[in-house]
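Novice: Can you keep this structure in mind? I'll have questions shortly.
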Protein chains: 2
Amino acid sequence: MRGVVMVKPGEVTVEDREDPRIIEPTDAVIRLSATCICGSDLWPYRGIEPADRTLMGHEYVGVVEEIGMDVKNVKVGDFVVGSFVISDNTCEICQAGFQSKCVHAEFVHGGIGTQAERARIPQADGTLVTTPGQPDEDLIPSLLAASDVLGTGWFAAVAAEAGPGKTVAVVGDGAVGLMAILAAKELGAERIIAMSRHKDRQELARFYGATDIVEERGEEGVARIKELTGGLGAHSVIEAVGTQESFMQAVGATRGGGHLGYVGVNYDVQIPGIQLFFAGIHTLGGPAPVRRFLPDLIQMIWDRRIDPGRVFDLTLPLEQAAEGYKAMDERTATKVLLTI
Amino acid sequence: MRGVVMVKPGEVTVEDREDPRIIEPTDAVIRLSATCICGSDLWPYRGIEPADRTLMGHEYVGVVEEIGMDVKNVKVGDFVVGSFVISDNTCEICQAGFQSKCVHAEFVHGGIGTQAERARIPQADGTLVTTPGQPDEDLIPSLLAASDVLGTGWFAAVAAEAGPGKTVAVVGDGAVGLMAILAAKELGAERIIAMSRHKDRQELARFYGATDIVEERGEEGVARIKELTGGLGAHSVIEAVGTQESFMQAVGATRGGGHLGYVGVNYDVQIPGIQLFFAGIHTLGGPAPVRRFLPDLIQMIWDRRIDPGRVFDLTLPLEQAAEGYKAMDERTATKVLLTI
């Protein structure tokens, strides 16, 4: 089969790889219907993380082709969506809703790599969620978004306790930030401030539910959020960039006692303890437990209540993955879908 | 009147100071019944924070002597307990329970200084809480503890979501750590692990409710907590030391999706963002909103249900404050009460 390999930072190829097969009795093998490139795939691409013939991709939707003998919840032919972290969905941590910290957690990125025609999914019973039937073609982008970018944005909004009566500020207008706006709206937030300086993304932010746009960044951005919230700061702040500046901007924009949800940080971010302390805020972050939200997200997509698939603004065949990476790196695309 | 002044780091004197008087119509002047020395007073004492003829002390109980014309909730003669942060208790932030981030917040330490015979308390209506009557002499240490160390430990336990069915780990066996143990027990925690290597404090930890003692620190301490919790880490971790090592120990000891409450960090603590991110935990910290808890804490003390006053293991007259600072600095005392 064909699959994406990052030979080294900046060098992406599509190569023939061995077809995946069942190894553990809890595995499934799926044939992908579509996959995509994640903002976090740019970290190795830009050399922020290592890349050495790394199997890329961790977002996936597709049809089950084969199951191990212990798999009970999915069957051959099912259309499934999975998270970017493998989870058994039964351990104490999963049951508490933190499947990305499952005792069997394993990142799909690196070892598995779903920018490919097929993929072996460990812990299939816990990881995969079946759709109510075979989806219409036009739903596939949205279902694929649920696999990471929507699930992550949703978690960020839940972590920030977005909800009725709340003012939510979203730092970052990438795909996750946009999905967090969608989530904050669905969760009933009263006011959603998108921090964005790109016209096209501001437009998409408004489509997904942003009520206000703030173009300022850093301390000026914080001052603007304070100004818009009677000097107090936002109840809920979502950090969806992951740099030192954006993280501290998010801390500063959160009111005392407010909630900060963050879903990605670069390796060099150092949070001054004293600044976090005197902010007096709740924080919750980490790789999103997307699995917790998948059943609900799939249903909302199935019912055509939400349209996260609009976040994909470039579609390419798998063979042209390198072009997709380049477009995202150069910010000419927000998020790239790869057809199989 | 007499009051404590820190001339410079390490140099504490008791001097004649001008008697406080009403400045704002929302002020009250109280005559202190007792005051005490806080672990955080050691920061300037040790030169970690500046000290330049600083008026010391932020814990206080006493009798109202004079009130400004706008004060309605307390009257002359009332016995009152206040928090170490002034708050109006009516603004949006206070109403959300974060009085230490009140729009009128002001630290008692520095500008006011309650290691003295009298003190002016701004925002008296919001800040001061009256006791049900004049307290018996033996209740005064406990009421004084409520002013900061008990209120702070209680907040830490609430921030860590200590409660029924939870395993709580407490990093630090100082006064705040001990009070956090008391709080975790009162909040119904199933298991309370005190991280302590001092025999006398281990004893007090057990008195207040600790079920397990862990003497290891740092990575070894984390490994021991994991071992005691089926490899998962504690549901709730309370950080009551404030160093780099103790903070990261607390992060490491918290299970994925668990809660970390922290109530003090040194100026040099830097939290590696990526480590906090991959921990996947909730955090809540900051100067404790003691005011939120004061009415309940006072009632529990009044009913003799809790005995936080036992945390004071040295009592000295105000005039011997310097000796008290020395004892706490050298760890020959956990917490020093100063009689007026």
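Novice: Residue B:137 - would you say it is surrounded by fewer than 24 Cβ atoms within 10 Å (Cβ to Cβ) and either touching a Ser or Thr at 6+ places or on another chain (Cβ under 7 Å) or closer than 27 Å to residue B:56 by Cα (or both)? Steps first, please.
Specialist: Values: surrounded by fewer than 24 Cβ atoms within 10 Å (Cβ to Cβ): yes; either touching a Ser or Thr at 6+ places or on another chain (Cβ under 7 Å) or closer than 27 Å to residue B:56 by Cα (or both): yes.
For residue B:137, the condition - surrounded by fewer than 24 Cβ atoms within 10 Å (Cβ to Cβ) and either touching a Ser or Thr at 6+ places or on another chain (Cβ under 7 Å) or closer than 27 Å to residue B:56 by Cα (or both) - is met.
Novice: Starting from residues that are more than 28 Å from residue B:18 (Cβ to Cβ) and of a type in the set (S, T, N, Q), keep the ones in segment B:79-99 and report whichever is surrounded by the fewest Cβ atoms within 10 Å (Cβ to Cβ). Show your work before the answer.
Specialist: From segment B:79-99, those more than 28 Å from residue B:18 (Cβ to Cβ) are B:89-99; that's our starting set.
Checking the rest, the ones that are also of a type in the set (S, T, N, Q) come to B:89-90, B:95, B:99.
Numbers: B:89: 21, B:90: 14, B:95: 12, B:99: 31.
That would be B:95.
Novice: Looking only at segment A:214-229, filter to residues that are surrounded by 18 or more Cβ atoms within 10 Å (Cβ to Cβ) and touching a helix residue (DSSP H, G or I) at 6+ places or on another chain (Cβ under 7 Å); which one of those is farthest from the other protein chains (Cβ to nearest Cβ)?
Specialist: A:214
Novice: Check A:17, A:46 and return the single one that is touching a helix residue (DSSP H, G or I) at 6+ places or on another chain (Cβ under 8 Å) and surrounded by fewer than 20 Cβ atoms within 10 Å (Cβ to Cβ).
Specialist: Just a single option satisfies the conditions, and that option is A:46.
Novice: Also: Quick check on residue B:27: is it acidic (Asp, Glu) and touching a residue at least 24 places away in the same chain (Cβ under 8 Å)? Don't jump to the end; show me each part of the working.
Specialist: Details: acidic (Asp, Glu): yes; touching a residue at least 24 places away in the same chain (Cβ under 8 Å): yes.
For residue B:27, the condition - acidic (Asp, Glu) and touching a residue at least 24 places away in the same chain (Cβ under 8 Å) - is met.
Novice: Among helices (runs of 4 or more DSSP H) lying entirely in segment B:60-161, which contain 3 or more residues that are more than 13 Å from chain A (Cβ to nearest Cβ)?
Specialist: On the way: elements: B:92-95, B:108-111, B:124-127, B:140-146, B:149-159.
Where helices (runs of 4 or more DSSP H) fall fully within segment B:60-161 and carry at least 3 residues being more than 13 Å from chain A (Cβ to nearest Cβ), they are B:108-111, B:124-127, B:140-146, B:149-159.
Novice: In this structure, is residue A:67 in contact with a helix residue (DSSP H, G or I) (Cβ under 9 Å, 6 or more places away or on another chain), surrounded by 24 or more Cβ atoms within 10 Å (Cβ to Cβ) and over 23 Å from residue A:158 (Cβ atoms)? If you could, list the steps in order and put the result at the bottom.
Specialist: Working: in contact with a helix residue (DSSP H, G or I) (Cβ under 9 Å, 6 or more places away or on another chain): yes; surrounded by 24 or more Cβ atoms within 10 Å (Cβ to Cβ): yes; over 23 Å from residue A:158 (Cβ atoms): yes.
Against the criterion (in contact with a helix residue (DSSP H, G or I) (Cβ under 9 Å, 6 or more places away or on another chain), surrounded by 24 or more Cβ atoms within 10 Å (Cβ to Cβ) and over 23 Å from residue A:158 (Cβ atoms)), residue A:67 qualifies.
Novice: Residue A:304: in the same structural domain as residue A:132 (by TED's automatic domain parsing), of a type in the set (D, E, K, R), under 15 Å from the mean Cα position of the chain (by Cα) and surrounded by fewer than 18 Cβ atoms within 10 Å (Cβ to Cβ), yes or no?
Specialist: Values: in the same structural domain as residue A:132 (by TED's automatic domain parsing): yes; of a type in the set (D, E, K, R): yes; under 15 Å from the mean Cα position of the chain (by Cα): no; surrounded by fewer than 18 Cβ atoms within 10 Å (Cβ to Cβ): yes.
Taking the combined requirement at face value, the residue does not satisfy it.
Novice: Tell me, yes or no, whether segment A:311-323 has at least one residue that is touching a residue at least 40 places away in the same chain (Cβ under 8 Å) and within 14 Å of chain B (Cβ to nearest Cβ).
Specialist: no
Novice: OK, next. If you scan segment A:282-298, which residues turn out to be in a loop (DSSP other than H, G, I, E, B) and facing chain B (nearest Cβ under 7 Å)?
Specialist: So the first thing to find is which residues in segment A:282-298 are in a loop (DSSP other than H, G, I, E, B), and the list is A:286-289.
Selection gives A:286, A:287.
Table: residues versus (1) closer than 16 Å to residue A:261 by Cα; (2) touching a residue at least 12 places away in the same chain (Cβ under 8 Å).
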{"residue": "A:116", "(1), (2)": "no, yes"}
{"residue": "A:179", "(1), (2)": "yes, yes"}
{"residue": "A:194", "(1), (2)": "yes, yes"}
{"residue": "A:203", "(1), (2)": "no, no"}
{"residue": "A:208", "(1), (2)": "no, yes"}
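Novice: Determine whether residue B:169 is outside any helix (DSSP H, G or I), in contact with a strand residue (DSSP E or B) (Cβ under 9 Å, 6 or more places away or on another chain) and not assigned by TED's automatic domain parsing to the domain that holds residue B:100.
Specialist: Values: outside any helix (DSSP H, G or I): yes; in contact with a strand residue (DSSP E or B) (Cβ under 9 Å, 6 or more places away or on another chain): yes; not assigned by TED's automatic domain parsing to the domain that holds residue B:100: yes.
Here the answer is yes, as residue B:169 does meet what is asked.
Novice: If residue B:33 satisfies every condition in (1) within 23 Å of residue B:158 (Cβ to Cβ); (2) in contact with a Phe, Trp or Tyr (Cβ under 9 Å, 6 or more places away or on another chain) but one, which is the exception?
Specialist: (1)
Novice: Assuming residue A:284 fulfils every condition listed in (1) in contact with a His (Cβ under 6 Å, 6 or more places away or on another chain); (2) under 20 Å from residue A:175 (Cβ atoms); (3) surrounded by fewer than 24 Cβ atoms within 10 Å (Cβ to Cβ) apart from one, which condition is it?
Specialist: (2)
Novice: Now a separate question. Test residue A:108 against the stated conditions and say whether it is within 17 Å of residue A:31 (Cβ to Cβ) and at pLDDT below 95. Don't jump to the end; show me each part of the working.
Specialist: Numbers: within 17 Å of residue A:31 (Cβ to Cβ): yes; at pLDDT below 95: yes.
The answer is yes for residue A:108.
Novice: Give the residue that is surrounded by the most Cβ atoms within 10 Å (Cβ to Cβ), with candidates limited to residues of segment A:230-271 that are away from chain B (no Cβ under 11 Å), within 20 Å of the chain's Cα centre (by Cα) and part of a strand (DSSP E or B).
Specialist: Among them, the one singled out is A:238.
The values are calculated or read from the model by the stated rules, or taken from the named source; none is laboratory data. A quick note: this is a predicted structure, and the numbers were derived from the prediction, not measured. Please note: Cβ atoms are built from the backbone with ideal geometry, for glycine as well, and neighbour counts cover all protein chains shown.
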